[in-house]
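See structure below.
The values are calculated or read from the model by the stated rules, or taken from the named source; none is laboratory data. Values in this document were obtained by computation on a predicted structure and should not be read as measured data. Glycine gets a Cβ as well: all are built from the backbone with ideal geometry, and neighbour counts include every protein chain shown.
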Amino acid sequence: MFEHLKIVQYPDPRLKRASKPVTQFDDRLRSLVARMIELMHESKGVGLAAPQVGENLRVFVVNPSQEPGDDRVYINPELSEASRVEDCAEEGCLSLPGINAEIARATAVRIDAFDLEGKPFNDEQGGYIARIWQHEFDHLNGTLIIDRMGMLAKLAARKTLKELEDAYAQEHARAGGKKD
Ligand code: CO
């Protein structure tokens, strides 16, 4: 059902939209999540949010160890800070190839979400997993790491962003049946 889905890259407008909550826990949702997990592994990512495959639904998948048995699915997640302390670490994003930046995040967060069967669960984590949750949760609200980067990092990324914008414009023109 979702085999054709690919990871979309900046500046695809779907990355900037606020995603809608999941209301049906059905085969369609399971199929979407299966494809997201596949793409996350193919791309050697540690997390992937539904808007990154062009679906504006509040779903993300995470695999902090990149091991086959460690896939985690979060549907309609809510985050709350478990610590007011923030720290900075480098992040990248599969929708922003070539861009890495130091991003400040809460060091510990609690997550409340639903699983694929529609059952609520919660978890509390610090460090790396807390960081991935916050990065993926941002995607559900249309926020990218470039929106959280400092002025200098933004300047340094300008050329790469321009290249991504040009690539998107070219692909878009071609899809519209126009010549390059
Ligand atoms: Co990302």
**Q.** Single residue of region 99-142 satisfying the filter (at negative phi and part of a loop (DSSP other than H, G, I, E, B)) that is nearest to the chain's Cα centre (by Cα)
**A.** N141
Q. If the Cβ limit is 8 Å and pairs must be 6+ apart or interchain, which residue in region 136-162 that is more than 15 Å from the ligand (Cβ to nearest atom) pairs with which residue that is assigned to a helix (DSSP H, G or I)?
A. K154/I146
**Q.** Where a residue in region 9-29 is of a type in the set (D, E, K, R) and its partner, wherever it lies, is in a helix (DSSP H, G or I), with Cβ under 8 Å and at least six apart
**A.** D12/Y168; R14/P51; R17/P51
Q: Filter region 78-109 for residues that are surrounded by fewer than 16 Cβ atoms within 10 Å (Cβ to Cβ) and charged (D, E, K, R) and give the result.
A: E78, E81, R84, E86, D87, E90, E102
Q | Of residues in region 144-157 being buried (at least 16 other Cβ atoms within 10 Å of the Cβ) and assigned to a loop (DSSP other than H, G, I, E, B), the one farthest from the chain's Cα centre (by Cα) | A | M149
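Condition check: within 20 Å of the chain's Cα centre (by Cα) and surrounded by 12 or more Cβ atoms within 10 Å (Cβ to Cβ). Does A173 satisfy that?
Taking the combined requirement at face value, the residue does not satisfy it.
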Q: Among the candidates E81, E124, E91, single out the residue that is of a type outside the set (A, V, I, L, M, F, W, C), modelled with pLDDT under 95 and in contact with a strand residue (DSSP E or B) (Cβ under 8 Å, 6 or more places away or on another chain).
A: E81
Q. Taking I103, is it touching a His at 6+ places or on another chain (Cβ under 8 Å) and within 14 Å of the ligand (Cβ to nearest atom)?
A. yes
Q: Could you please let me know if L96 is under 12 Å from the mean Cα position of the chain (by Cα) and assigned to a loop (DSSP other than H, G, I, E, B)?
A: yes
Q. If a residue has to be within 12 Å of the ligand (Cβ to nearest atom) and either more than 13 Å from the chain's Cα centre (by Cα) or polar (S, T, N, Q) (or both) to count, how many in region 29-49 make the cut?
A. 1
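Count, please, the residues in region 79-93 that happen to be within 16 Å of the ligand (Cβ to nearest atom) and touching a Lys or Arg at 6+ places or on another chain (Cβ under 9 Å). Quick ask: steps written out before the conclusion?
We begin by selecting, within region 79-93, every residue within 16 Å of the ligand (Cβ to nearest atom); these are 79, 89-93.
The next check asks that each one be touching a Lys or Arg at 6+ places or on another chain (Cβ under 9 Å); those that pass are 79, 89, 91.
Counting residues in region 79-93 that are within 16 Å of the ligand (Cβ to nearest atom) and touching a Lys or Arg at 6+ places or on another chain (Cβ under 9 Å) gives 3.
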Q) Residue check: is P120 more than 16 Å from the ligand (Cβ to nearest atom), more than 19 Å from P64 (Cβ to Cβ) and of a type outside the set (G, A, S)? A) yes
(Q) Could you go through region 36-44 and let me know if any residue there is farther than 19 Å from H4 by Cα, in contact with a Gly (Cβ under 9 Å, 6 or more places away or on another chain) and surrounded by 15 or more Cβ atoms within 10 Å (Cβ to Cβ). (A) no
